[in-house]
Ligand code: 9MR
């Protein structure tokens, strides 16, 4: 027994502990990660640019852990293009500059979405040619502005409704169902090197929405529309079944496209209980879901692993609390910016 332990130690130290080496009793575990930056694929977070500017502790966690950043809000239509003739770049430019200085990738979110539109768009009076020009101009101005600096874009976000039909968004209404394809073409023209994603939520709800999304994406691909990847938001919770979470990830990879888990968080209060407290049982359940998701993703072909992005950084900053008006703790860092068991679940999933 002693001899075996000594052998394990030698194998660990010399890095010779290959599986199937014959004399190797147990392959040694890879060394524990010092930070999520060391993951085999880019691990990222959506960030609140105001907090990046104002809160040192927040920026420190982002810099230490993540090598990809998404603007939680600063690259949305309403933020970048509040008036027909006005573009406001300062927050988004700040993030791009931060990323350049800290060796991080920037993922752009999002060009065409039914939500977070400025009133000049929702009130826009124009025929279909004028709407087409509006969409094209927005995409090409924004993608062109960040050309070479934003590696990838969620070109179209949430075009599919829960029942699998195309959502009746202003875009769908004024431009017809093929606006999705044209949005990708306009984006490609503006930056031929940016990776272009279709991003949506609900792949893990079950087959109805998942199949509709996959059909949309596969249809674009087979027509030669320039789509590079599929984004799974995965705003999920501890009650979602492992089978549905795994199916969301593995079926997305069957498209052959890049797969980005683009907005991950795991809520522990799916029933929105007002008085809930964070017990260790909830933390353990959350850790298990993070581990399952990361492990399933990590098993995809390396060439398809674009990355995993959590939706914000700490529980103090999550959108979930505002949305449910309830206590929740969906992220890997707690309100004090410390690692939670969920973080350990991610690390275990990466090994
Ligand atoms: O977290 C974002 C929140 O701060 C914004 O108020 C909201 C509306 O723009 O969008 C939230 O982020 C959403 C993302 O852009 C798209 N997928 C769902 C996210 C959570 O609602």
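The figures follow:
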quantity	calculated
Cα pair distances exceeding 37 angstrom across the chain, given as percent	21
For segment 303-350, convex hull of alpha carbons as volume per residue, Å³	87
Cα pair count fraction exceeding 11 Å, expressed as % - segment 48-89	69
Estimated [θ] at 222 nm from DSSP helical runs (n ≥ 4, -39500 (n - 2.57)) normalised by residues in the chain, nearest 500	-12500 deg cm²/dmol
Packing-based exposure ordering (other Cβ within 10 Å, fewest first) of 265, 127	127, 265
Pairwise FRET efficiency - residue 165 versus residue 140, Cβ, R0 = 30 Å, nearest 0.05	0.60
Max mean-square fluctuation residue, GNM over the chain, Cα-Cα springs under 10 Å, options 38, 72, 263	38
Residue exposure sequence - 43, 77 - by fewest surrounding Cβ within 10 Å	77, 43
Fluctuation leader among 86, 303, 211 - the chain, Gaussian network, Cα springs under 10 angstrom	86
Taking the chain and dividing mean pair separation by its residue count, relative contact order in percent (alpha carbons under 8 Å, at least six apart)	15
Exposure proxy order (Cβ contacts within 10 Å, fewest to most) of 107, 174, 81	174, 81, 107
log10 of Debye I(q)/I(0), alpha-carbon scatterers only, for segment 120-229 at 0.16, 0.18 Å⁻¹	-0.75, -0.93
Stretchable slack from residue 133 to residue 243, in nm (0.36 nm times residue separation minus alpha-carbon distance)	35.3 nm
Reciprocal mean inverse distance between Cα atoms of segment 194-268 - Kirkwood radius, Å	12.4
Expected-Rg normalisation [2.2 N^0.38 Å, Cα atoms] applied to segment 77-121	1.32
Relative contact order for segment 166-325, counting Cα pairs under 8 Å that sit 6 or more residues apart, in percent	20
FRET E, pair residue 208, residue 103, Förster distance 41 Å, beta-carbon r, rounded to 0.05	0.50
Gain upon complete extension [residue 38, residue 325; 0.36 nm per residue less C-alpha separation]	99.8 nm
Pairs of alpha carbons in segment 193-351 whose separation is greater than 25 Å (percent)	30
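Every read-out reported here was derived from the displayed coordinates using simple, explicitly stated rules and does not represent laboratory data. The model shown is predicted, which means the values in this text are computed figures rather than measured ones. Positions of Cβ are generated from backbone atoms using ideal geometry, with glycine treated the same way; all protein chains shown enter the neighbour counts.
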